[in-house]
Amino acid sequence: MPELPEVETVKRGLAPTFEGARITAVDQNRPDLRFPFPDDFRDRLEGRVVKALSRRSKYLLADIDSDDVLIMHLGMSGSFRIEKESDTQSPGEFVHERGKDPKHDHVVFHLQTSGNESARIIYNDPRRFGFMDLVARPNLSAHAYFRDLGMEPLGNDLSGETLADLFRDRKTPLKAALLNQKLIAGLGNIYVCEALWRSGLLPTRAAGTLATRTGRPTKKAHELAGHIRATLEEAIRAGGSSLRDHTQADGSLGYFQHAFAVYDREGEPCRTPGCSGTIERMVQSNRSTFYCPRCQG
């Protein structure tokens, strides 16, 4: 399943075409994906203008001029491609073949862009684990998808102080706490492993150890907050991890996976300068955790 950097990459790829465009028609080629589409899905979108495209956690949000929000989730294998009059190709280098089979083109948005160009944004999803929904903007924060989501990990809101506040007195393993979407929204397995390695913190360490007895952040809390932001931002700049089926909105695949220091590197030498450790793998909450037992403590 794509993680936050992949979803952010897709958002940035779609935005120049989607934002400001009028949806002239919607092809809905099946009644459901992971969940059924709203009964009036096409009627509420056709003829409307997309005012803005944003991301909350791993959801894409298209604000429509009717005060509805189109919610889109990529699931396991969902991807978008953009076709325009001036460019009907999908540019970019390919590491793995992307989904092109038209039988998996489940939703097609026909657009008149802000530049008065005809375009199509096509959602392809072989496994059909993604989904789309429409929610009135005033009701969005209370919706079941969003009401329990924690803070976003990008930006200055995530700090050593906030980590200390969130994790104080928690005995749960640090990795599990970071993956708790009610605390921090959008962090996923890959980038948590990478950020913990950069911070020299064991995934099994108690989350509460990032706060002192008085609740103040430790030095490691500040370091971890910085490394989380840096890891995510570097992955976004690289276009994501390109694991399995994930593709960017322009059809290309990201290359951040070549910079993985620990993820999926079991048995390889640790990349920390001066460390003679070997990357190990363990299972936490049914997910693979990769770490160096020598330099992470």
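Could you count how many residues in the range 43-67 are over 26 Å from LYS182 (Cβ atoms), of a type in the set (D, E, K, R) and assigned to a strand (DSSP E or B)? Going through the range 43-67 one residue at a time, the tally reaches 1.
Every residue, every condition in (1) of a type in the set (D, E, K, R); (2) modelled with pLDDT of 95 or more; (3) in the same structural domain as ARG281 (by TED's automatic domain parsing), yes or no:
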| site | (1), (2), (3) |
| --- | --- |
| LYS171 | yes, yes, yes |
| GLY188 | no, no, yes |
| GLY200 | no, yes, yes |
| ALA207 | no, yes, yes |
| ARG213 | yes, no, yes |
| HIS246 | no, no, yes |
| GLY251 | no, no, yes |
| GLN257 | no, no, yes |
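Residue check: is THR88 β-branched (Val, Ile, Thr), over 15 Å from ASP27 (Cα atoms) and either at pLDDT 85 or above or touching a Ser or Thr at 6+ places or on another chain (Cβ under 6 Å) (or both)? When the stated conditions are applied, THR88 does not pass them.
The values are calculated or read from the model by the stated rules, or taken from the named source; none is laboratory data. These numbers come from a predicted model, not from an experiment. Don't worry about glycine lacking a Cβ; one is built from the backbone with ideal geometry, like all the others, and counts go over all protein chains shown.
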